[in-house]
1. Answer yes or no as to whether residue 212 is closer than 30 Å to residue 115 by Cβ, within 21 Å of the chain's Cα centre (by Cα), among the polar types (S, T, N, Q) and assigned to a loop (DSSP other than H, G, I, E, B).
2. Just for the range 72-98: of the residues that are touching a helix residue (DSSP H, G or I) at 6+ places or on another chain (Cβ under 9 Å) and at pLDDT below 90, which one is nearest to residue 132 (Cα to Cα)?
3. Of the residues in the range 186-198, how many are surrounded by 14 or more Cβ atoms within 10 Å (Cβ to Cβ) and assigned to a loop (DSSP other than H, G, I, E, B)?
4. Of everything in the range 194-207, what is of a type in the set (A, V, I, L, M) and modelled with pLDDT of 95 or more? Give them in sequence order.
5. Which residues, counting only those in the range 155-212, are over 23 Å from residue 255 (Cα atoms) and of a type in the set (A, V, I, L, M)?
6. Does the range 151-180 hold any residues that are aliphatic (A, V, I, L, M) and under 22 Å from the mean Cα position of the chain (by Cα), and which are they?
7. Looking at 217, 141, 156, 177, which is the one that is under 30 Å from residue 320 (Cβ atoms) and either buried (at least 20 other Cβ atoms within 10 Å of the Cβ) or in contact with a strand residue (DSSP E or B) (Cβ under 6 Å, 6 or more places away or on another chain) (or both)?
Amino acid sequence: MKTNNYFTFAILAFLLSILVIVGCTKEVDLEFPEGDPKIVVDGLIEPGSPPFIFLSKSNSFNQGVDPSTLSNIFLHEAIVTINDGENDYILDELCVSNLDPTQLETLSNSIGISVEDLENIEYCIYTNFALIGEIGKDYDLVIEYENETLHSTTSLLEPVPLDSIWFQTNGNDSLGLIHGLLSDPANQRNAYRWFAQRINLRPGTNVMKDPTFIAPLGSAFDDRFIDGLSFEFFAARGIKPNSQAPEDNNIEAGLFKTGDTVVVKFSAIPHESFMFYFIMEDQLVNNGSPFATPTNIPSNIDGGLGVWTGYSSYFDTLVIQ
């Protein structure tokens, strides 16, 4: 009986604690402390393409975000230099309104932002169309802004091809995920990032389903546990932030579909860049979870925040029938 009484008391105490928590809710306004703003770098270079670098300042957590805010976050009149091991290249600051259609399309394909979105917000970048990425080269980046100097280095590694890709249904006749088979090179510290783009047109339109390549959450991984092995993996369909497309807001969300034609972009990236994307996506997945541990996203920018990375990509096309 003593055990039963104790058990009953424990249940009552548990239920009472729930009632207290539910009954004593109170709206609390949290004001996070202001931190010193830092320069944020978002830069990339690919084989056959020029570098594209966004410069901005970190914003307060308490500050709201709207299109006006986004248009005003870019840093202007910085001195940005890239050395490719042979020459120094001074990057020019160009805003979207200064780019011709071909340059705008190149920028869109590289950074994963549609031309339409680029035109809606006056994005400003630093680039030099005379500097074209080459596999096997290192790219040393120096940024001077006001009294600050930032430095970073990235590499364009050898691309690693996928052995094969295929579509596999997910308990549904028409919806599923794309699977891939990778033979990881042995005794190298390889890291990868996955993108995909549906290039088939929306019914009754001349508009592609995906205007550019999209990386799903969980797109970055390394070979810590698969070094030198053949490894099968699968990838969900990435969703453009704030997408209003029907398939992004119903049971098709995150899934590919029979009838899609998908171009896969499988990129070899430096390990330092992998750590940035891996932790960033982990934080996005756990956003709002009370059990998530807040983590500072690692950066390969000495003196600032963000990432400067080289993408060396293998492309393949899958027609889902």
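The values are calculated or read from the model by the stated rules, or taken from the named source; none is laboratory data. All figures in this text were calculated on a predicted structure; none of them were measured in a lab. Positions of Cβ are generated from backbone atoms using ideal geometry, with glycine treated the same way; all protein chains shown enter the neighbour counts.
1. Details: closer than 30 Å to residue 115 by Cβ: yes; within 21 Å of the chain's Cα centre (by Cα): yes; among the polar types (S, T, N, Q): yes; assigned to a loop (DSSP other than H, G, I, E, B): yes.
Spelling it out, residue 212 is indeed closer than 30 Å to residue 115 by Cβ, within 21 Å of the chain's Cα centre (by Cα), among the polar types (S, T, N, Q) and assigned to a loop (DSSP other than H, G, I, E, B).
2. Among those residues, the one meeting the criterion is 96.
3. Applying the first criterion (surrounded by 14 or more Cβ atoms within 10 Å (Cβ to Cβ)) to the range 186-198 yields 188, 190-198.
Next, from what is left, pick out any that are assigned to a loop (DSSP other than H, G, I, E, B): 188, 190.
Matching residues across the range 186-198 total 2.
4. In the first step, residues of the range 194-207 are kept if they are of a type in the set (A, V, I, L, M); the result is 196, 199, 201, 207.
Selection gives 196, 199, 201.
5. Those that are over 23 Å from residue 255 (Cα atoms) and of a type in the set (A, V, I, L, M): 156, 157, 160, 186, 191.
6. Quick first cut of the range 151-180, residues aliphatic (A, V, I, L, M) only: 156-157, 160, 162, 165, 175, 177-178.
The answer is 156, 157, 160, 162, 165, 177, 178.
7. Details: 217 fails: either buried (at least 20 other Cβ atoms within 10 Å of the Cβ) or in contact with a strand residue (DSSP E or B) (Cβ under 6 Å, 6 or more places away or on another chain) (or both); 141 fails: under 30 Å from residue 320 (Cβ atoms); 156 fails: under 30 Å from residue 320 (Cβ atoms).
Answer to the selection: 177.
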